[in-house]
Structure formats: C-alpha cells, structure tokens
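Have a look at the structure below, then the notes.
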Amino acid sequence: MLQLPEYSRVREFRVFLDACGYGTERLTQHLGRARPPTADEARQMFDDSREITVLNVLVRLFLLGAPVDKASVDAFLPDSVVRFCDDAGLLRTGDGIVNSQVVIIPVEDLLFVSDAFRVLGTDAARDFVLPASTHSANFLRLLTLRDAVGDTLDLGCGCGLHALFAARHSTRVIATDISPQAIAYTRFNAMLNDFGNVESLEGNLFEPVAGQRFDLIVSNPPFVIGPSESFVYRDNPLALDEFCKALVAEAPHYMREGAHLQMLCEWVEVEGETWKERVTGWVRGCDAWILHAAPLSPASYAEQRTADLSGESVNAGQTDDWIAYFDRHRVRAIHPGMLALRRRDGVNWLHVHNLPADVTRAAGTAVADGIAAVDFLEACDDEALLAATLGLADNLAAEQVRSGEDTVGVRLCLRDGLSTEADIDGAVAAFINLFDGERTVGGCVAEFAKVADADVDQLTADLLAIVRVFVSRGFLKPLDLA
Ligand SMILES: C[S@@+](CC[C@H](N)C(=O)[O-])C[C@H]1O[C@@H](n2cnc3c(N)ncnc32)[C@H](O)[C@@H]1O
C-alpha cells in the first residue's frame with residue numbers, strides 16, 4: 001500500500017530519477033519506449049537493460065516490474081533512495097531480492113506512479129489503479145482542451161494523469177476517485193511533479209464536489225459495458241451504459257456557463273433506437289461535439305474486453321456470457337467516442353465528428369476549432385454564409401485518389417491531430433480551390449457556376465451544403481476563426 005512521505009523526500013526522489021535519466025527522452029533513446037513493455041516486447045527490454053547500471057536497475061524495477069537482487073540495488077541506488085522507496089511502499093525486500101510494488105511511467109516530462117499491470121492477476125485486481133500508459137487515458141489527454149482556465153475537475157482520476165496535465169493550465173484542480181488508493185497515487189504524483197494546485201478527494205461521482213462549479217471537467221470513467229463487475233477502474237457498475245449517462249446528466253450542475261466537459265464514453269445501440277438518439281437523450285443544457293470512433297459488434301467487443309490487458313490475465317468472465325448479456329439487452333453495437341460538452345443557455349446543438357484514425361499527438365486545438373466551426377455554422381443562415389469569406393485550412397493536405405491508372409478523385413486530409421479526411425470528386429475539388437481567402441462564399445459559388453456554365457440559383461443549395469460540411473470538418477475556415 002502506497003504511503004505518503006513528506007513532500008521534501010518525494011522531491012528528492014524525483015531529483016534522483018531525473019539525474020539518472022529516468023524520463024521520456026532518455027528511456028526512449030535507450031529502450032525504444034518509456035512505458036512498460038507489452039508481452040511481446042518484454043524479452044527485448046530485458047536484453048536491452050541487462051548491463052547493470054543505475055538506470056537499468058530503475059528500469060527493471062519500475063518499468064519491467066522485474067525482481068532485482070538486493071546487492072545490485074544497494075550498489076547502485078543511494079541508501080536514502082532505498083529507504084524512501086521502502087517507506088513509501090514502492091519497493092519490498094525479502095530473501096535478498098527487491099520487488100517493485102508499483103510502476104513509474106513518464107508521460108512527456110511528468111512521472112506517474114501507479115499499480116503495475118501484474119496486479120490484474122492477483123487478489124487485489126478489483127482495486128487496480130490504472131497506469132498512465134494506457135491508450136484510452138492518452139487518447140483523452142491528447143484531446144483535452146488546453147486553454148487557461150480557473151477550476152478543473154478530473155473525475156475518476158486514477159493515478160492523476162489528467163489532473164496533473166490540467167494543473168498546468170488551471171488555477172486549481174480537484175481530482176476525485178472512489179478508490180482511496182487512486183487518491184493516494186494522485187497525491188503522491190502531484191508531489192513528485194511539484195504541483196501545489198491539485199487537491200485530491202475520495203468519493204462517488206460528483207459527491208466530493210457538491211455545490212462547486214468548474215470551467216473544465218475531464219473524465220475517463222469506468223465505461224466498459226458488460227456483465228463483469230470485476231474491476232472498479234473499468235467496469236461500469238450500472239446496467240449497460242448507465243454510468244456514463246449519469247455522469248453526463250449530472251455534469252451540467254457542476255459546470256459554469258461556457259464550461260466544458262470532456263469524457264471518454266461507450267454507449268450501446270439497442271434495437272429500435274439509433275446510437276445518436278441514445279446519446280443525445282442524455283445531454284441537457286449543453287452543446288455536444290461528439291468524436292465518434294468505429295462501432296464494434298457485441299461479439300468483437302466481448303472478445304476485446306475479456307482478453308488480456310498488457311499481457312496480464314483479466315478475469316472478466318467468458319465471451320459467451322458477454323454475448324448473452326448483450327442479447328438479453330437487445331444490443332446491436334457498442335459505440336466508443338469522446339464527448340465534448342459545453343454548457344450554454346439557449347438552444348443547443350449536437351455535432352458528430354467521425355474519427356478516421358488514432359490520435360497520436362495533441363489535438364485539443366482541433367477539438368476547440370471543431371466547436372468554434374459549429375458555432376459559426378449555427379449562427380449563419382444561408383444569406384450570412386454566402387456573405388462570409390472562408391479560406392482553406394493551413395494544415396490541409398490533398399492527394400490524388402487512384403484506381404489503377406486512373407485518378408478518380410481527391411483525398412482531403414487535415415493534419416491537425418484528428419486526421420479528418422474526405423474523398424471528393426474533381427468538381428468538388430475545383431469548387432474548393434476557389435476559396436482563396438479573398439472571395440466570399442457567394443463569390444466562389446458564382447465563379448464555379450460561371451466556369452461550369454450552369455445556373456447559379458440551381459447550384460447554390462448544393463454548394464452551400466458542401467460548404468457547411470467542409471466548415472464543420474475544418475477543411476474550410478471562416479477567416480476570423482482561422
Ligand atoms: C478508466 S479509470 C481512469 C483513470 C485515470 N483517469 C486515467 O485516465 O488513467 C476510471 C477511474 O474511475 C474511478 N471510478 C470508478 N467508479 C467511480 C465512481 N463511482 N466515482 C468516482 N470514480 C470512480 C476508478 O477508480 C478509476 O480510477
């Protein structure tokens with residue numbers, strides 16, 4: 001169990017880790033990665049850390065989770081560091097062998113202590129605190145809006161990944177979690193990374209922050225849908241997607257006007273209801289910008305969720321039980337995505353943005369631009385849109401789409417972190433090329449009609465529909481938003 005030592009001792013430990021090169025840059029150079037290995041990568045990482053150096057002792061203990069003999073630990077780690085690790089519960093020694101109780105994972109220039117994945121194979125699996133290296137956590141981190149804000153809430157903070165990244169652009173962050181161990185890790189990590197503006201509170205959903213309002217709420221909640229209740233960190237404890245629904249329904253009470261909620265989410269498509277109707281039905285008093293990833297069939301979802309996580313056995317039941325659960329609830333598909341809600345009085349909008357590829361770099365600006373684009377479109381009737389001046393996005397790339405020898409169209413791709421794409425034909429490409437930042441939309445429509453020798457009035461409705469889609473996807477930008 002993690003203990004919280006004095007602040008100064010945690011900071012000394014951090015200085016030591018930094019001095020040894022235990023961080024993203026050096027570990028990536030040294031081992032090709034700065035995270036725990038997958039099962040396939042473990043052997044290589046063992047080989048690459050075989051020479052006994054101080055950095056390799058740290059790698060073996062805190063990334064590989066491998067036992068190291070006490071003599072090597074004593075020879076390479078200062079006494080004060082070993083004492084600190086023992087006192088904090090990071091290391092345990094027995095029979096001349098030192099075992100790490102945690103992983104320490106660098107993410108950019110921060111370090112996060114959490115449970116190691118091997119806990120999933122033990123009796124303590126139910127209360128497992130997720131390491132900072134998971135795909136879902138980093139997906140949300142990369143999508144988070146990074147404008148300076150006053151108060152931020154990280155609900156379901158785990159080891160504090162989102163809370164600490166938000167602490168850089170928030171006056172104050174409150175990190176909450178139902179798990180006392182998660183709260184302990186977040187407190188420890190706030191000290192390890194020297195953030196004095198993060199407060200960690202234990203409790204269910206919004207209970208710890210009753211009566212408070214925030215400018216930004218981030219949450220990577222336990223969204224997994226299925227019959228398993230084995231893991232607090234991932235299994236939605238209510239029927240189907242009810243936990244995410246409760247979070248979405250309650251959130252506006254804790255948001256200031258104009259505040260954002262960004263959360264990962266999975267929701268079901270049940271017989272007789274579209275997925276969009278389901279998720280839209282949850283949202284009250286907020287605009288909703290939904291980043292929608294490819295849905296999964298119940299069978300493939302069940303297979304994924306009962307499979308191993310990072311090489312450790314996950315005791316989440318049998319695939320057949322999951323499929324039967326989905327059948328019982330008439331589930332046709334499971335939809336994953338990120339919801340970005342903005343509290344706003346008035347008539348609210350909902351926009352769905354399809355995610356074509358994985359997110360691998362910061363895309364918070366792309367999310368902000370996406371929301372601003374929908375605001376612009378909502379404020380523009382056709383007349384206003386025709387009078388607006390739009391330009392092509394700076395980071396828009398176009399490539400030819402070929403079928404054999406022939407060019408059959410053009411693929412537009414935005415290099416903005418979301419990799420938004422669209423395949424268009426030559427005529428639409430010619431229309432889009434008219435947006436030179438000088439002509440109004442009406443001017444582009446008129447020019448296109450002239451070149452095509454067509455009646456402008458007949459073309460206008462179709463071309464405006466194209467403009468609206470392209471603005472919403474970020475290919476075309478109103479110049480005052482560009
Ligand atoms: C998927 S993990 C995310 C952890 C961390 N935020 C991250 O992204 O790595 C979900 C977290 O929600 C917490 N949690 C589960 N049920 C909760 C509840 N009812 N109220 C608050 N937090 C809860 C879990 O303990 C876990 O830490």
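The values are calculated or read from the model by the stated rules, or taken from the named source; none is laboratory data. Please read all numbers here as calculations on a predicted model, not as lab measurements. Neighbour counts run over all protein chains shown; Cβ positions are idealised from the backbone, glycine included.
For residue 185, state whether it is more than 18 Å from the chain's Cα centre (by Cα), crowded, with 21+ Cβ neighbours inside 10 Å and among the hydroxyl-bearing types (Ser, Thr, Tyr). Talk me through it step by step, then tell me what you get.
On the way: more than 18 Å from the chain's Cα centre (by Cα): yes; crowded, with 21+ Cβ neighbours inside 10 Å: yes; among the hydroxyl-bearing types (Ser, Thr, Tyr): yes.
So residue 185 passes the test.
Out of the stretch 238-255, which residues are under 23 Å from residue 332 (Cβ atoms) and outside any helix (DSSP H, G or I)?
238, 239, 240, 241, listed by residue number.
Restricting to the stretch 150-170, name every residue that is in contact with a His (Cβ under 9 Å, 6 or more places away or on another chain) and more than 8 Å from the ligand (Cβ to nearest atom).
Selection gives 152 alone.
Just for strands (runs of 3 or more DSSP E) wholly inside the stretch 105-215: which have at least 1 residues that are over 22 Å from residue 17 (Cβ atoms) and among the charged types (D, E, K, R)? Working first, answer last.
Values: elements: 110-114, 149-155, 170-177, 198-202.
Ranges flagged: 149-155, 170-177, 198-202.
Condition (residue is touching a residue at least 40 places away in the same chain (Cβ under 8 Å), outside any helix (DSSP H, G or I) and within 16 Å of the ligand (Cβ to nearest atom)) applied to the stretch 84-102: is it met by at least one residue?
Yes, the stretch 84-102 contains a residue that is touching a residue at least 40 places away in the same chain (Cβ under 8 Å), outside any helix (DSSP H, G or I) and within 16 Å of the ligand (Cβ to nearest atom).
Which condition number in (1) assigned by TED's automatic domain parsing to the domain that holds residue 255; (2) in contact with a Lys or Arg (Cβ under 8 Å, 6 or more places away or on another chain) is the one that residue 395 fails?
In the conditions (1) assigned by TED's automatic domain parsing to the domain that holds residue 255; (2) in contact with a Lys or Arg (Cβ under 8 Å, 6 or more places away or on another chain), residue 395 misses (1) alone.
For the structure I just gave you, tell me whether residue 60 is among the charged types (D, E, K, R), at pLDDT 95 or above, in contact with a Leu (Cβ under 7 Å, 6 or more places away or on another chain) and surrounded by 15 or more Cβ atoms within 10 Å (Cβ to Cβ). Don't jump to the end; show me each part of the working.
Values: among the charged types (D, E, K, R): yes; at pLDDT 95 or above: yes; in contact with a Leu (Cβ under 7 Å, 6 or more places away or on another chain): no; surrounded by 15 or more Cβ atoms within 10 Å (Cβ to Cβ): yes.
No: the conditions fail for residue 60.
Identify the single condition in (1) surrounded by fewer than 19 Cβ atoms within 10 Å (Cβ to Cβ); (2) touching a Cys at 6+ places or on another chain (Cβ under 9 Å) that residue 264 does not satisfy, given that it satisfies every other one.
(1)
Restricting to the stretch 192-244, name every residue that is of a type in the set (Gly, Ala, Ser), buried (at least 19 other Cβ atoms within 10 Å of the Cβ) and within 11 Å of the ligand (Cβ to nearest atom). Let's see the steps before the verdict.
From the stretch 192-244, those of a type in the set (Gly, Ala, Ser) are 196, 200, 203, 210-211, 219, 226, 228, 230, 239; that's our starting set.
With buried (at least 19 other Cβ atoms within 10 Å of the Cβ) added as a condition, the list becomes 200, 219, 226, 228.
Once the filter is applied, which keeps residues that are of a type in the set (Gly, Ala, Ser), buried (at least 19 other Cβ atoms within 10 Å of the Cβ) and within 11 Å of the ligand (Cβ to nearest atom), the stretch 192-244 yields only 219.
For the list (1) touching a helix residue (DSSP H, G or I) at 6+ places or on another chain (Cβ under 9 Å); (2) within 26 Å of residue 369 (Cα to Cα); (3) not polar (S, T, N, Q), I need the number of the one condition that residue 202 fails.
(2)
Looking at 297, 313 in this structure, which one is modelled with pLDDT of 95 or more, closer than 26 Å to residue 140 by Cα and loosely packed, with under 15 Cβ neighbours inside 10 Å? Show your work before the answer.
Working: 313 fails: modelled with pLDDT of 95 or more.
Only one candidate passes the filter, namely 297.
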